[in-house]
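J.: So that we are looking at the same thing, I have put the structure below in structure tokens.
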Amino acid sequence: MDIELETPVGTSVLNVVTKFNYKIKLQQTINFKIKQKTITNKMKNYVKIINIIDRSGSMNDKIDMAINGFNEFLQEQQSIEGNALISTMLFSTKFNKLYENLDIQKCEFLNKNNYNPGGMTSLYDAIGITIDNEIDQLGNLPKAERPDKTLCVILTDGKENSSTEYTKDQIKEKVLEMKEDFNWEFIFLAANEEAAFAAETMGVSKGNAYAFTNTSSGLKDAYLGVSHATRVYRHSKSVTMDNLMDDYKDSTEESK
């Protein structure tokens, strides 16, 4: 993946290279610590929840609901009986692992310091990076310490427009592999009417897709849906569940 460096006026190339090498070494150290943390995880009989959350520039006009909706989702999950680990990736053109493999009771909430929208929507890259990272971790984790099942929640308010490392077909292949080989299920929420179609092109079940209106109230509805679907998933003994968001739609229709 290409890395763009900004060179301040008066800064020598040698200093930039030195700083760049330091960043690489620092990232390797961070990655090593994350891997060690994962390998030594002793939680058993747990579900893993992976969030891939859009923080591109278009989320800025919905920032309060983006933060509050996600935090309310976490709070509800913390109230549910059962063990869970959680990882959260925030993405735009850049990618930020907010936290990884944390006990859901200890996870970090969003705020305006760690959630600052900007950039475009590298959706495929965010999914691909996340899955590849999880595959590496699973390879180093004894089977007895792996999650019983994993739910990957993907939320975006726009269409893919800036990925450089992964294509739609590559993402579909990875999604299907994780569903078949590692007991994963996926939810895809998008602020466009083609959410179900977009989900299917990436290997996500149509019944696990949800289109929300591109407003703060629409985003609130999306997070209510995620909360409902995740609760159902965690309570169920099933690994494969291809109608999680359809179930939410049905429940909202019944309440009207």
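The values are calculated or read from the model by the stated rules, or taken from the named source; none is laboratory data. Please read these numbers as outputs of a predicted model, since none were measured by experiment. Cβ: placed from backbone, ideal geometry, glycine included. Neighbour counts: every protein chain shown.
J.: (1) more than 28 Å from residue 174 (Cα to Cα); (2) in contact (Cβ under 8 Å) with a residue 12 or more places away in the chain: which one isn't true of residue 99, the others all being true?
T.: (1)
J.: Somewhere in the stretch 162-169, is a residue buried (at least 20 other Cβ atoms within 10 Å of the Cβ) and touching a strand residue (DSSP E or B) at 6+ places or on another chain (Cβ under 8 Å)?
T.: no
J.: Then there's this: Go through (1) over 29 Å from residue 120 (Cα atoms); (2) at pLDDT below 95; (3) outside any loop (DSSP other than H, G, I, E, B) and name the single condition residue 41 misses.
T.: Answer for residue 41: the failing condition is (3).
J.: Exactly one condition in (1) closer than 24 Å to residue 218 by Cα; (2) more than 15 Å from the chain's Cα centre (by Cα) is not met by residue 88; state its number.
T.: (2)
J.: For the stretch 235-255, check the following and say yes or no: at least one residue is farther than 22 Å from residue 77 by Cβ and loosely packed, with under 15 Cβ neighbours inside 10 Å.
T.: For the stretch 235-255, residues farther than 22 Å from residue 77 by Cβ and loosely packed, with under 15 Cβ neighbours inside 10 Å: present.
J.: Yes or no: the stretch 107-117 includes at least one residue that is among the hydroxyl-bearing types (Ser, Thr, Tyr), out of contact with any Phe, Trp or Tyr (no Cβ under 7 Å at 6 or more places or on another chain) and surrounded by fewer than 22 Cβ atoms within 10 Å (Cβ to Cβ).
T.: Scanning the stretch 107-117 turns up at least one residue that is among the hydroxyl-bearing types (Ser, Thr, Tyr), out of contact with any Phe, Trp or Tyr (no Cβ under 7 Å at 6 or more places or on another chain) and surrounded by fewer than 22 Cβ atoms within 10 Å (Cβ to Cβ).
J.: Can you tell which of 210, 223, 248 is under 23 Å from residue 168 (Cβ atoms) and of a type in the set (Ser, Thr, Tyr)?
T.: Residue meeting the stated conditions: 210.
J.: Tell me the residue from 91, 182, 109 that is under 13 Å from residue 48 (Cβ atoms), of a type in the set (Phe, Trp, Tyr) and touching a Leu at 6+ places or on another chain (Cβ under 9 Å), please.
T.: 182
Yes/no per residue for (1) under 20 Å from residue 59 (Cβ atoms); (2) more than 18 Å from the chain's Cα centre (by Cα):
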{"position": "192", "(1), (2)": "yes, yes"}
{"position": "203", "(1), (2)": "no, no"}
{"position": "234", "(1), (2)": "no, no"}
{"position": "238", "(1), (2)": "no, yes"}
{"position": "245", "(1), (2)": "no, no"}
{"position": "248", "(1), (2)": "no, yes"}
{"position": "251", "(1), (2)": "no, yes"}
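Residue by residue, here is whether (1) modelled with pLDDT under 95; (2) more than 21 Å from residue 73 (Cβ to Cβ); (3) part of a helix (DSSP H, G or I); (4) polar (S, T, N, Q) holds:
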residue: 101; (1), (2), (3), (4): no, no, no, yes
residue: 109; (1), (2), (3), (4): no, no, no, no
residue: 120; (1), (2), (3), (4): no, yes, no, no
residue: 133; (1), (2), (3), (4): no, yes, yes, yes
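J.: May I pose another question? Given the structure, is residue 202 over 26 Å from residue 120 (Cα atoms), among the hydrophobic types (A, V, I, L, M, F, W, C) and either modelled with pLDDT of 95 or more or out of contact with any strand residue (DSSP E or B) (no Cβ under 7 Å at 6 or more places or on another chain) (or both)?
T.: No, not satisfied.
J.: Right, another one. Taking the stretch 39-91 only, how many residues are under 16 Å from residue 212 (Cβ atoms) and touching a Lys or Arg at 6+ places or on another chain (Cβ under 6 Å)?
T.: Matching residues across the stretch 39-91 total 2.
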